[in-house]
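J.: Sharing a structure here in structure tokens format.
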Amino acid sequence: MKINWNSKYTTISIYSFFVICASIIFYLIASEINLFQIKVGEAISIFMPFIIGFTMAYLFNFILKFYEENLLHFKIFNNLKPKIKRLIGLVLTYTTVVLVIYSFLKFIFPQVLSSIMGLVNDIPYYVSKITVLVNDFNSKYEIQEEYYNFIVEKWTQYRESIIKFATDLIPILGNTVKNILSSIWNIVLGLIISIYLLTDKEKVMALSKKVTRALFSEVRANRLIELVNRGNNIFGKFLIGKILDSFIIGILTFVVVTMAKMPYTILISFIIGITNIIPFFGPFIGAIPSAIIILFISPVKAFWFLVIVLVIQQIDGNIIGPKILGDSLGISAFWILFSLLITGKLFGLLGMIIGVPLFVFIYSIIKEIVEDRLKKKGLPCETDKYI
């Protein structure tokens, strides 16, 4: 018996079948969520070298493109074969990566670790010093007993939290280093995979397009390829731009706080630089713990540090950031906060880093669909027209 695939009832039956299957699968996952998480974790661990390799290849490709577009196009390289040019570009790319990692491990990481160790050792002294100041302030101004008890209670809770944080900090750092060392084999395999991917990146992309066009109709294939290119453009500009911007802000912060004779300059500059990768709110996320660290030593310096961070962020937001990033986000601060809260809650620090470009990508698709429907109805696309 021949099936009429264009029949309305056949279509309804197929959709019903897929809905029932999806519902069964969802029920099985929900009823065995712990087992499902274990299986997903095992699958991720198996493919981890490939995940690391693809991530490395994606990030290193920007360095490779820089060398190929700005160095290897000179006349001296014109007579070389494309494979030789690619080989030179790969050597320059991975040499740059190795030099950056070596410089970080040689000059920055030891000083950051030393600052953390010194801070952990000094915290008990700073805590006792502030306790003495609170008692002296009470004896001098004779605060009412209920207010004084409230201050002491809150300070005791805060003090215990600080001591617990300092006690747990070194084991956390140790476990982080241990996890990195235990993953060294995956990193090595990922490095090898990234080299293979970058060597034949044109063929890899061509193969992806070939498979896409084979599986989908021409219209859907073109749409998928366009969306991939759009996502690559959004993520690429954002990630590379924010990394470069954060590096500049970290250096600028180090210069300014060194001139201002702030304590723990390397540690503070490192915190500000790293958190600056998080859009809009990152600098303030980094400024709060840094200001608390300085507050233990000098409340006046902590105040001036916050002023310095505010000034640097104004320079970054109005001069440095626009020059590097341009209008790569194109969304309001409300949507940035929304995306940070959602992705940060779901995926932690990684979610806060990639959440904004991910939201921009989804936002661009929804905006395109909405505006297309409005045009078909003959309605204006500008939001101001609906006020």
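J.: Yes or no: residue 243 β-branched (Val, Ile, Thr), crowded, with 18+ Cβ neighbours inside 10 Å and in a helix (DSSP H, G or I)?
T.: Numbers: β-branched (Val, Ile, Thr): yes; crowded, with 18+ Cβ neighbours inside 10 Å: no; in a helix (DSSP H, G or I): yes.
No.
J.: I would also like to ask the following. Being among the hydrophobic types (A, V, I, L, M, F, W, C), modelled with pLDDT of 75 or more, in contact with a Phe, Trp or Tyr (Cβ under 7 Å, 6 or more places away or on another chain) and over 22 Å from residue 232 (Cβ atoms) is true for just one of 92, 87, 71. Which residue is that?
T.: After ruling out the rest, the residue left standing is 92.
J.: Answer with yes or no whether residue 249 is open to solvent by less than 40 Å² (accessible area, probe 1.4 Å), part of a helix (DSSP H, G or I), in contact (Cβ under 8 Å) with a residue 40 or more places away in the chain and out of contact with any Gly (no Cβ under 9 Å at 6 or more places or on another chain).
T.: no
J.: Which residue pairs have Cβ atoms under 8 Å apart, sit 6 or more places apart or on different chains, and have a first residue in the range 111-129 that is in a helix (DSSP H, G or I) and a second that is among the charged types (D, E, K, R) and open to solvent by 60 Å² or more (accessible area, probe 1.4 Å)?
T.: Partner pairs satisfying both residue conditions: 127/159.
J.: Name the residues in the range 41-68 that are over 28 Å from residue 234 (Cα atoms) and among the hydrophobic types (A, V, I, L, M, F, W, C), would you?
T.: Of everything in the range 41-68, those that are over 28 Å from residue 234 (Cα atoms) and among the hydrophobic types (A, V, I, L, M, F, W, C) turn out to be 43, 46.
J.: Right, another one. Condition test on residue 29, is it in a helix (DSSP H, G or I), on the phi < 0 side of the Ramachandran plot, at pLDDT 75 or above and of a type in the set (Val, Ile, Thr)?
T.: no
Results for (1) over 30 Å from residue 323 (Cβ atoms); (2) at pLDDT 90 or above; (3) part of a helix (DSSP H, G or I), shown as yes or no for each residue.
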site	(1), (2), (3)
175	yes, no, yes
194	no, yes, yes
207	yes, yes, yes
220	yes, no, yes
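J.: Here is a further query. Out of the residues in the range 322-338 that are at pLDDT 75 or above and in contact with a helix residue (DSSP H, G or I) (Cβ under 7 Å, 6 or more places away or on another chain), state the one that is least open to solvent (accessible area, probe 1.4 Å).
T.: Per the stated criteria, the residue is 336.
J.: Taking the stated definitions as given, is residue 25 within 29 Å of residue 234 (Cβ to Cβ) and surrounded by fewer than 11 Cβ atoms within 10 Å (Cβ to Cβ)?
T.: The answer is no for residue 25.
J.: Hey, among the residues in the range 252-275 that are open to solvent by 20 Å² or more (accessible area, probe 1.4 Å) and in contact with a Phe, Trp or Tyr (Cβ under 8 Å, 6 or more places away or on another chain), which one's nearest to residue 305 (Cα to Cα)?
T.: Result: 260.
J.: Another question, then. Would you mention how many residues in the range 358-387 are open to solvent by less than 60 Å² (accessible area, probe 1.4 Å) and either touching a Ser or Thr at 6+ places or on another chain (Cβ under 6 Å) or over 22 Å from residue 239 (Cα atoms) (or both)?
T.: Restricting attention to the range 358-387, the residues satisfying the condition of being open to solvent by less than 60 Å² (accessible area, probe 1.4 Å) are 359-361, 364-365, 371, 374, 380-381.
From the residues that got through so far, the ones that are either touching a Ser or Thr at 6+ places or on another chain (Cβ under 6 Å) or over 22 Å from residue 239 (Cα atoms) (or both) too are 359, 371, 374, 380-381.
Result for the range 358-387: 5.
J.: Any residue in the range 79-99 that is open to solvent by 80 Å² or more (accessible area, probe 1.4 Å) and closer than 30 Å to residue 263 by Cα?
T.: Taking every residue of the range 79-99 in turn, at least one turns out to be open to solvent by 80 Å² or more (accessible area, probe 1.4 Å) and closer than 30 Å to residue 263 by Cα.
J.: Something else: Mind checking which residues of the range 276-313 are open to solvent by 20 Å² or more (accessible area, probe 1.4 Å), within 21 Å of residue 243 (Cβ to Cβ) and either touching a strand residue (DSSP E or B) at 6+ places or on another chain (Cβ under 6 Å) or in a helix (DSSP H, G or I) (or both)?
T.: 284, 285, 313
The values are calculated or read from the model by the stated rules, or taken from the named source; none is laboratory data. Keep in mind it's a predicted model, so treat the numbers as computed, not measured. Positions of Cβ are generated from backbone atoms using ideal geometry, with glycine treated the same way; all protein chains shown enter the neighbour counts. For the accessible areas, the whole protein counts, side chains as well, though only heavy atoms, and no ligand, DNA or RNA atoms are used. Shrake-Rupley method; radii C 1.70, N 1.55, O 1.52, S 1.80 Å.
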